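The values are calculated or read from the model by the stated rules, or taken from the named source; none is laboratory data. From a predicted model like this one, the values you see are computed outputs, not experimental measurements. Glycine gets a Cβ as well: all are built from the backbone with ideal geometry, and neighbour counts include every protein chain shown.
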Amino acid sequence: MKSSATVRGLARRRTALVVTASLSALLAASNATAGQKILNGGFEGGADCTAPATGPGCHWTFKDNAAVNTDPHTGKQGATVGGQGSARGSVTQQLDLTRGIYSFSFWYKPSKGGTQTPSTVKIAGKTVFLEWVKPPQGSDPQWKEYQIYLLVENDKTEQIEIFSEIPPHYHGPSFQIDDVSLDDFR
């Protein structure tokens, strides 16, 4: 016969295991139902997603050297930002954010040709991505994923802006973006 101390110890371990499993399931469920803040992160709006105006199905605003393309990471469409010309390119969207932690990600690649493109992403006025995107020499550019977690300190309507600048002696190619995501991580 087991002593009462052994039985109580086993009961505590089982209770701790059940509490841990329940907490893990609860956290997983809260992340599974967490809200996606980016609308149409795949730019799949068809005719609604064309520069410079946007239609109701697109949710993005394209300015200057920015447009929908048919070279996506997934789906049928992606977006092009930048390129040779006298104006920068930008793609923006208004976001309703609440205080909390978010997981932000997107896929990008440089276009063929040219040298390099200054590529920037800002959310709520904070720079979350800044890179000179440069096409590889002698091969086709490959898609790369970028991911970061960010803290939003107050409830507010903010903006995501994906853009290229025009540095002196600009000869850079455009860059492609697709599968843009901003998930509530609570």
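Rundown of residues vs (1) within 19 Å of K126 (Cα to Cα); (2) surrounded by fewer than 17 Cβ atoms within 10 Å (Cβ to Cβ); (3) of a type in the set (A, V, I, L, M, F, W, C); (4) touching a residue at least 24 places away in the same chain (Cβ under 8 Å), yes/no style:
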position	(1), (2), (3), (4)
H59	no, no, no, yes
F62	no, no, yes, yes
G82	no, no, no, yes
G100	yes, yes, no, yes
K109	no, no, no, yes
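Being under 17 Å from the mean Cα position of the chain (by Cα) and surrounded by fewer than 18 Cβ atoms within 10 Å (Cβ to Cβ) is the filter here, so list the residues in the range 130-156 that pass it.
Taking the range 130-156 as the starting set, the residues that turn out to be under 17 Å from the mean Cα position of the chain (by Cα) are 130-131, 133, 143-152.
Correct list: L130, E131, W143, K144, E145, Y146, Q147, I148, Y149, L150, L151.
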| request: Would you confirm whether any residue within the range 168-184 is in the same structural domain as F62 (by TED's automatic domain parsing), among the hydrophobic types (A, V, I, L, M, F, W, C), more than 23 Å from Q77 (Cα to Cα) and at pLDDT below 95? | output: no
| Tell me, which residue of the range 90-121 that is under 16 Å from the mean Cα position of the chain (by Cα) and charged (D, E, K, R) is farthest from C58 (Cα to Cα)? | K109
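Of everything in the range 31-69, what is among the small types (G, A, S) and at pLDDT 65 or above? Give them in sequence order. Break it down stepwise before answering.
Taking the range 31-69 first, the residues among the small types (G, A, S) are 32, 34-35, 41-42, 45-47, 51, 53, 55, 57, 66-67.
Within the range 31-69, G35, G41, G42, G45, G57, A66, A67 qualify.
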